[in-house]
Amino acid sequence: MSEILETEVSADHGRRLRAPEESTPVLDVDDLVVEHRNRTTGEVFRAVDGVSLRIDAGESVAVVGESGSGKTTLAMAATGLGVRGSGDIQLLGHSLASIGRRQLRELRPEVQVVFQDPHGSLDPRQSVRSGLRELRGLQRERTSWIDDDGLLDRVRLTPDMLDRYPHQLSGGQAQRVCIARALLMRPRLIVADEPTSGLDVSVQADVLKLLQETQASTGAALLMISHDLAVVRSVCDSVHVMFRGKVVESGPCETVFKNPTNEYTRELLDAMPGARWRARR
Amino acid sequence: MSELEIELAPHAGEPLKPAKDRRRRTSRTSVFWLGLPLGVITFLVFVLPLTGLLPDGGQDLTATRLPPAFLDGGTWAHPLGTNKLGQDGLTQLVESGRLTIMIGLVGALVAIGPGTLLGLLAGYCRGWVDKTISILIDAQLALPFILIALAIIANRGSSLPVLFLVLALTGWASCARVTRSATLSIRERQFVLGLRAAGASEARIVFRHVLPNLAGTVVALATLQVGTAILVESALSFLGLGVVPPHSSWGSMLAAGQDELSHSWWIAFFPGLAITVLVLLVNLIGDALLTHNDPRKRRR
């Protein structure tokens, strides 16, 4: 069974990547629960409490909420990276609960994550070039579509960045390298976990634009985790508002932001800088 | 003044950040200036016996307990004096140095190797692997080393392989503990998740990414362990449990000199001084390396 699946994946790699079936969602999460157990007291904390989420190809979805509301945990569990939860997670039509380790590894490059701290997501001992070379070695067929210079050009970095080490890059440059690394894999889903929180405002806009371009050019879906509603509004189609592990409101960005039905969403919107001013206008 | 200018123009297309690199260079030079005398000592110990410049090291019962040349009654034929069998102090010091340094190096390797591997395993795998190894570490650290040494040597007699076994047993735990905690922090870094997302295997992550990031710490630990190994050897030899004749090390020379301390202090003094200087240098270099490899300390 596992062999059949694997050969299937490797055989029509290119085609599957370029033309995902329209009907299957990239990510379909149903009633996801993630619990953390405190080892000393034995108390159980529900970080994610019965969340359902669906992302179709090419769609960009945001999850917003305050710190500790379970946004990141949701993303990590939904993509099978580190956190385990109960509930049905379908990633590109494969159920995460039932596929084996090797298949999960085959599936992994389809989901790429851009993290909040760009310096932490690069191995400090690796130059940009050797990092990219390693990725190419890991996924030969998948990454052969572009060379290093072309890739850096796509994220608006000059080729001389290739020989730099992470500590020699500024935050914005490092985040662009991270986006380039994600782009190189031609993922079907990009998870951006607070991608601009560690950057200053002028760089934030660049990085967001770049993420949008990347998404548009590869046709990937985007799952954006953020507490910044302005960012979400400019990038995403639909939004889920999380509060204490639960989704309290979801819908298209415009609807949710214009007519919030939930009390918490309203509070969140009021907390947005310039919200009052915009409302009056 | 110049630092201000540098700070103002970090994005001027210069690939280097001079302010940070200068500080890094300072710690590099301190490693160099500590390494230099260490290198000279090692060089002398290994090369001097080959030159034939050293006095004859054989017994000479007509010239026992001669003081060093700079004291009354000493001769330049025996610059550091002679022992109770009339053997030349300098020759013995140089020749024992070879064994001492060898014990230091091999002793450190046998402790650091398994220590690093177990620490890495415990820190990366977590779960029951971590629990088992942590209990072993704690148990090992709770046992006084002299007790282990005595037990093993009483059982097996004293020889070099037994000495290395003792050194490995007494040294691995502290190294494993440090490596474990360093691994714990590295494995939580986001680049590990990123690599996993790119389809990297766990073995690749551990050996190609976590281990190289530990390398600085391990090198520093190994250096410190060289000092510890030499001290442990000296202590054991002093108790008559380490190096035994016909071999000799600085520790065993010290032991041989203890009966003569009241009238011929130089027999014990020079090996003691040699141990102190060597271990001090090695430890200082280890500390400098630790600082050099810790980005937080470096940046300050």
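The values are calculated or read from the model by the stated rules, or taken from the named source; none is laboratory data. Small disclaimer: the values here were computed from a predicted structure and weren't measured. Glycine gets a Cβ as well: all are built from the backbone with ideal geometry, and neighbour counts include every protein chain shown.
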Task: Residue, nearest to A:GLN126 (Cα to Cα), within region A:145-169, restricted to residues that are free of Cβ contacts under 8 Å to residues at least 24 places away in the same chain and either aliphatic (A, V, I, L, M) or facing chain B (nearest Cβ under 10 Å) (or both) - done: A:GLN168
Open item on the list: Exactly one of these conditions fails for B:VAL218: (1) more than 14 Å from chain A (Cβ to nearest Cβ); (2) in contact (Cβ under 8 Å) with a residue 60 or more places away in the chain. Give me its number.
Closed with: (1)
Open item on the list: Just to check your reading of the model, which residue among B:ILE137, B:ILE148 is within 25 Å of B:SER249 (Cβ to Cβ) and either within 14 Å of chain A (Cβ to nearest Cβ) or not basic (Lys, Arg) (or both)?
Closed with: B:ILE148
TODO: Output the residue which, of all residues in region B:180-192 that are facing another protein chain (nearest Cβ under 9 Å) and modelled with pLDDT under 90, is farthest from B:ALA108 (Cα to Cα).
DONE: B:GLN190
Task: Residue within region A:32-49 that is over 30 Å from A:MET272 (Cβ atoms), assigned to a helix (DSSP H, G or I) and modelled with pLDDT under 85 present - done: no
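Yes or no, residue by residue, for (1) within 25 Å of A:HIS94 (Cα to Cα); (2) under 17 Å from the mean Cα position of the chain (by Cα); (3) not polar (S, T, N, Q):
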position	(1), (2), (3)
A:MET185	yes, yes, yes
A:SER197	no, yes, no
A:ALA221	yes, yes, yes
A:ILE225	yes, yes, yes
A:VAL232	no, yes, yes
A:SER238	yes, yes, no
A:MET242	no, yes, yes
Task: Residue list for region A:124-144, restricted to those being within 7 Å of another protein chain (Cβ to nearest Cβ) and either part of a helix (DSSP H, G or I) or closer than 12 Å to A:VAL177 by Cα (or both) - done: A:LEU135, A:LEU138
Open item on the list: Need the failing condition index for A:ASP206 against (1) out of contact with any Gly (no Cβ under 7 Å at 6 or more places or on another chain); (2) charged (D, E, K, R); (3) not in a loop (DSSP other than H, G, I, E, B), just the number.
Closed with: (1)
Open item on the list: Going through A:ILE99, A:ILE179 one at a time, which residue ends up being aliphatic (A, V, I, L, M) and more than 12 Å from chain B (Cβ to nearest Cβ)?
Closed with: A:ILE99
- [ ] State yes or no: is B:GLY107 crowded, with 17+ Cβ neighbours inside 10 Å, modelled with pLDDT of 90 or more, among the small types (Gly, Ala, Ser) and part of a helix (DSSP H, G or I)?
- [x] yes
Open item on the list: List the residue pairs whose Cβ atoms are under 9 Å apart, where the first residue sits in region B:237-256 and is without any contact (Cβ under 8 Å) to a residue 12 or more places away in the chain, the second is assigned to a helix (DSSP H, G or I), and the two are 6 or more positions apart or on different chains.
Closed with: B:PRO245/B:SER252; B:PRO245/B:ALA256
Task: Condition check for B:ALA200: within 14 Å of chain A (Cβ to nearest Cβ) and of a type in the set (A, V, I, L, M, F, W, C) - done: yes
- [ ] Return a yes/no flag: does region B:73-80 have any residue that is surrounded by 15 or more Cβ atoms within 10 Å (Cβ to Cβ) and assigned to a helix (DSSP H, G or I).
- [x] no
Task: Residue identified as aliphatic (A, V, I, L, M), farther than 17 Å from B:GLY257 by Cα and over 31 Å from the mean Cα position of the chain (by Cα) among B:ALA63, B:ALA108, B:ALA77 - done: B:ALA77
